[in-house]
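K.L.:
Here it is, the structure in full.
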Amino acid sequence: MTRVGVVGAGMIGRDHVRRLTSVISRVTVTAVADVDAGAAALVAASTGAAVHPDGLAVIAAADVDAVVVCSWGDTHEEYVLAAIAAGKPVFCEKPLATSPQACLRIVEAEAARGTRLVQVGYMRRYDAAYRALKKVLDSGAIGAPLMMHCAHRNAAVPDFYRPENIITDTAVHEIDMVRWMFGTEITAVRVLRPRASRNAGAIPDPLLLVLELANEVLVDVEISVNARYGYDIRGEILGENGTAALGDQNPITVRRAGHLTSPVPADWRERFGPAYDVELREWVAGHMPDAPGAWDGYAASVVSDAAVQSLRTGERVPITLAARPKLH
């Protein structure tokens, strides 16, 4: 039985606790902490976990074998480094940390310990449709890849969303997915701004990201966070001999009164709920070699920073990564 401590009892923290206690077997949540003591108490009451004063106390607890970090992004570096120092596996919701420098400190700490302990919450790697797309790509059925077209459309975003979040919170999922899909690094990024949506307010919406990969594949990513009609995720790879695309995720189509309709997911929880289940199930099972780790969190942070720079300047920004440790 794996005993898990959870740091952060907000929406995603509560959702992960539900998975750990109701969806995944042989797991018990033994400790929880949150800056909102009331939120921590509610989670603890539902699981029988102990409430601790802060995340560091959760990590240090003797009855905690592994840690899930779902707290505010600015706290991630401290908690992930503490888990590494304690030798405890840590699942950290994205971002790994809020700057490339902080992410690199985590990479270096893990490398110095000599054991992979960190997994980052990039759940698209666990989505059945993305895994099927990668399987087709890796099989060679469509020949060598040339380009990929992506779209990431949100119906709306919360009030606390800031202009740079369209990169760091939204486009970052495609940034990680692309690195995993093609098994190579991103070498440059450019962000283009078309006519702004009247729904966008102060958010630079929509955007088009152009990612250059080390294998010379080009990827364009359309980002729209005020699409209104629903949560719509698309992806198609153009190969030398054919194409492969994500399938339609809608469960039904309705033909009525001269119209064909199909429901669109309302939000990310509806679209990617099963991927979150698989993600945590595989983390508990210890499938670390295939998981997004500390290096992936660092690389995504570097590319995100470059994309934010391009958003501000309109220029193409080359990507430079630190030397990759052998552990990663």
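Coordinate-derived values only; no laboratory data. Quantities reported herein were computed from a predicted structural model and do not represent experimental measurements. Positions of Cβ are generated from backbone atoms using ideal geometry, with glycine treated the same way; all protein chains shown enter the neighbour counts.
K.L.:
Give me the dipole magnitude in Debye, nearest 20, for segment 124-318 about the Cα centre, with unit charges on the beta carbon: positive for Lys and Arg, negative for Asp and Glu.
P.N.:
The calculation lands at about 660 debye.
K.L.:
Quick check: net charge around GLY314, other residues with Cβ under 11 Å of its Cβ, Lys/Arg +1 and Asp/Glu -1?
P.N.:
Values: positive: ARG190, ARG193, ARG312, ARG316; negative: GLU315.
For residues surrounding GLY314, the net value is +3.
K.L.:
Amide H neighbours of THR187 under 5 Å, at least 5 residues apart or on other chains, H built in the peptide plane: list them.
P.N.:
Close amide H contacts, sequence-distant or interchain: GLU212, LEU213, ALA214.
K.L.:
Looking only at MET181, MET148, MET11, which one moves most when the chain is put into a Gaussian network model with springs between Cα atoms under 10 Å?
P.N.:
Result: MET11 has the largest fluctuation of those listed.
K.L.:
Considering only GLY201, GLY273, GLY297, give the residue with the highest GNM mean-square fluctuation for the chain, with springs between Cα atoms whenever their separation is below 10 Å.
P.N.:
Judging by the Gaussian network model, the answer is GLY201.
K.L.:
So what's the net charge close to GLY5: Lys and Arg +1, Asp and Glu -1, counting the other residues with Cβ under 10 Å from its Cβ? Present the calculation step by step, with values, prior to reporting the outcome.
P.N.:
On the way: positive: ARG3, LYS88; negative: ASP63, ASP65.
Net local charge, GLY5 excluded: 0.
K.L.:
Show me, for segment 188-193, the HN-Hα J-couplings you get by feeding each phi into the Karplus relation (A = 6.51, B = -1.76, C = 1.60, θ = phi - 60°), rounded to Hz, glycine and proline as x.
P.N.:
6, 9, 9, 10, 10, 10
K.L.:
What does the net charge come to around ASP176 if you take all other residues with beta carbon closer than 10 Å to its beta carbon, with K and R at +1 and D and E at -1?
P.N.:
+2
K.L.:
Only counting other Cβ atoms within 10 Å, I'd like LEU208, LEU117 sorted with the fewest neighbours first.
P.N.:
LEU208, LEU117
K.L.:
Principal axis extents for segment 124-318, Cα atoms only, whole Å, descending order, please.
P.N.:
Here the Cα extents, ordered largest to smallest, are 49, 39, 39 Å.
K.L.:
Measure out, as a whole number of angstrom, how far apart the alpha-carbon centroids of segment 210-241 and segment 261-304 sit.
P.N.:
So the two Cα centres are separated by 17 Å.
K.L.:
For the chain, calculate the relative contact order in percent as a whole number, restricting contacts to Cα pairs under 8 Å that are 6 or more residues apart. Intermediate results must be reported in sequence, preceding the final value.
P.N.:
Working: 653 pairs, mean separation 63.8, N = 328.
Relative contact order for the chain comes out at 19 percent.
K.L.:
Using alpha carbons only, how many degrees (0 to 90, rounded to 10) separate the axis of helix 128-139 from the longest principal axis of the chain?
P.N.:
60
K.L.:
Which whole-Hz couplings ³J(HN,Hα) result when phi for each residue of segment 81-94 is put into the Karplus expression 6.51 cos²θ - 1.76 cosθ + 1.60, θ = phi - 60°, listed in order with x for Gly and Pro?
P.N.:
After applying 6.51 cos²θ - 1.76 cosθ + 1.60, I find 4, 5, 5, 4, 4, 7, x, 10, x, 9, 9, 10, 4, 5 Hz.
K.L.:
Additional query: Suppose only helical runs count, i.e. DSSP H with n ≥ 4. What mean residue ellipticity at 222 nm does that imply for the chain under -39500 (n - 2.57) per run, divided by all residues and rounded to the nearest 500 deg cm²/dmol?
P.N.:
On the way: 9 runs with 111 residues, N = 328.
Rounded to the nearest 500, it is -10500 deg cm²/dmol.
K.L.:
Separate question: Work out the length of the dipole vector of segment 2-123 about its Cα centre, built from +1 on the beta-carbon of each Lys and Arg and -1 on the beta-carbon of each Asp and Glu, and round it to the nearest 20 debye. Intermediate values should be presented prior to the final figure.
P.N.:
Numbers: 10 positive and 12 negative charges, 92 e Å.
In total the dipole reaches around 440 debye.
K.L.:
Quick one: order HIS173, HIS287, HIS76, HIS259 by neighbouring beta-carbon count within 10 Å, fewest to most.
P.N.:
Details: HIS173 21, HIS287 11, HIS76 28, HIS259 7.
With the sparsest Cβ surroundings first, the list reads HIS259, HIS287, HIS173, HIS76.
K.L.:
Next question, about the same structure. About its Cα centre, how strong a charge dipole does the chain have in debye, to the nearest 20, once Lys and Arg get +1 and Asp and Glu get -1 at the Cβ?
P.N.:
Values: 33 positive and 38 negative charges, 119 e Å.
For the chain, the charge dipole is close to 580 debye.
K.L.:
Could you please tell me the mean projected area of the C-alpha convex hull for segment 2-123, averaged over all directions and given in square nanometres to one decimal?
P.N.:
6.8
K.L.:
Taking 2.2 N^0.38 Å as the expected size of a compact globular protein, what ratio does the Cα radius of gyration of segment 242-285 give against it, to two decimals?
P.N.:
For segment 242-285, the normalised Cα radius of gyration comes out at 1.66.
K.L.:
Projecting each Cα onto the charge dipole of segment 53-149 (Lys/Arg +1, Asp/Glu -1 at the beta carbon, about the Cα centre), which of LEU137, ALA82, GLY114 comes out farthest on the positive side?
P.N.:
LEU137
K.L.:
So for segment 9-130, taking the charge dipole from beta-carbon charges (+1 Lys/Arg, -1 Asp/Glu), which of VAL43, THR21, ALA31 sits furthest toward the positive end?
P.N.:
Farthest towards the positive pole: THR21.
K.L.:
Using every pair of alpha-carbon atoms in segment 176-250, split the distances into 5 Å bins beginning at 0 and state the percent of pairs per bin, rounded to integers.
P.N.:
3, 13, 20, 21, 19, 15, 8, 2, 0
K.L.:
I want to verify a result. In a Gaussian network model of the chain, Cα cutoff 10 Å, which of these has the top mean-square fluctuation: ALA111, ALA66, ALA202?
P.N.:
It is ALA202.
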